[in-house]
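Encoded as C-alpha cells, the structure appears first; notes follow it.
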Amino acid sequence: MLSITMSKLSVKEQSGCKKLLKLVSEEDLLALKDTVTNRLIAVESAEEAVDAIIIYSQDAEELLKRKKVHRDVIFKYLASEGVVILPNPEKHQLIRMTLEFWSSGEISSREIGDGLSDLTALGKQFCQWFFSLLNSQNPTYGQVVQEWGPQHFWPDVRLKLLLCTGEQRVDEFNGAELVSQRLYALVGQERLSFCPNLERFGFKCISSPHGLVLVAVAGTIHRDNAFLGIFDQVFGLIRSPQDNNHWKIKFVNVKIKSQSDFSERQLPIITYDSSELLRLCN
C-alpha cells in the first residue's frame, strides 16, 4: 500500500479526493494515474492508483481539472456530500464549489452538529442539508431523491409563505404534515430549485436565550435553466430529546420575489438584524 503522508493536499482534500476518485471508472483511474505520475509508478489495485494520484498531484485544483475527472464525477461527489448545486453547472463551477467545500472545514451530516459552540458552522451545515434534501425532490434537478417528510419538523411547526409575484399573497400552514407537503410542492410539483447564498451577507445565524436557533438565508430561485427570482427564508430550530437530540424545524418563514418585482441590482442578501430575528420567536 502506498503511503499518502507525502501528499501536498490537506487532510480534508485527501479525504475528499479519495471519495471522488472512487466514482471514476477503473480505466480512467489508471489512465489518470499514468498522467499524474508520468508512468513512473506501477500499481496493483485501484486503491493504490488513488494513493499514487493523491501523492503526485501538485494541488487539489490541478487534480480536479484533469480530463479524466469528468464533470459528472464531480457532480455526483458533491451531491453525495449534500452540497447544494446550481442546475446544469459547468465543470469549472463544480471545481470551485468542491474547493470551497474542502476548505470550509464543514462535515455534511444529517445530525447537523452536536452543539452551539459554532453557530455559523451549525447554520451552514443545516442549510447545506436542508436545501440539498429539498432540491432532490425536484424531478428535473438530477440528484438522487432523499427522504423528505414530516419527520424533519416539530408536530406544531408553522410555515408562513409570502409570494411577491406582481401582487403580494401570504399563506400560512400549521402542522408537520401540511408544512412538509407545501414545501415539497414548491420543488416536486412547481419544479423550483433553491440556491442559497451562504456567503457573508446572504446568511445569518443566532440563538435565543431559550435554546432556539434562528437561521436566516437568502438566495436565488430557478426552474430548469431559467432564473425566476430571489428568496429569503428564516428557520427556527429546536433540539428534539425524543429523536436523539437532533435538530428539528419549529417554524419557517419564506419570502419569494419574482424577477419582475425587484431591481436587477438587488442581491439575495439577509437584511434582518438580530433583534428582528428574535422577534420571530414569539
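Any read-out appearing in this document is the output of simple, stated calculations on the displayed coordinates, not a laboratory observation. Keep in mind that this is a model prediction, so the values were computed, not measured. Neighbour counts are summed over all protein chains in view; Cβ atoms, including those assigned to glycine, are modelled from backbone coordinates with ideal geometry.
Miscellaneous remarks
- Sequence-distant contacts, meaning Cα pairs under 8 Å at least 6 residues apart, place the relative contact order of segment 11-104 at 33 percent.
- Under Stokes-Einstein, with the Kirkwood radius over Cα pairs as Rh, the value for segment 11-104 at 25 °C and 0.890 mPa s is 184 µm²/s.
- Extending 7 Å from Cα along the Cβ direction at Ile238 and again at Ser45 yields two label points whose distance is 5.0 nm.
- Taking the Kirkwood radius as Rh and the Cα radius of gyration as Rg, segment 138-207 has a ratio of Rg/Rh equal to 0.99.
- Cα-based reach from Lys22 at 24 Å (exclusive), listing lysines while leaving out same-chain residues under 8 positions away: Lys8, Lys12, Lys33, Lys65, Lys67, Lys68, Lys76, Lys91
- Were the residues from Lys91 through Arg279 laid out at 0.36 nm apart, the gain over their Cα-Cα distance would be 63.4 nm.
- For segment 153-176 and segment 183-225, distance of Cα centres in Å: 14 Å
- For the chain, alpha-carbon Rg over 2.2 N^0.38 Å: 1.12
- Considering only alpha-carbon pairs that sit under 8 angstrom and 6 or more positions apart, the relative contact order computed for segment 119-279 is 23 percent.
- Contact order, relative form, for the chain: 14 percent (alpha carbon pairs under 8 Å, 6 or more residues apart, mean separation divided by residue count).
- Looking at segment 121-237, the pairs of alpha carbons with a distance over 25 Å make up 20% of the total.
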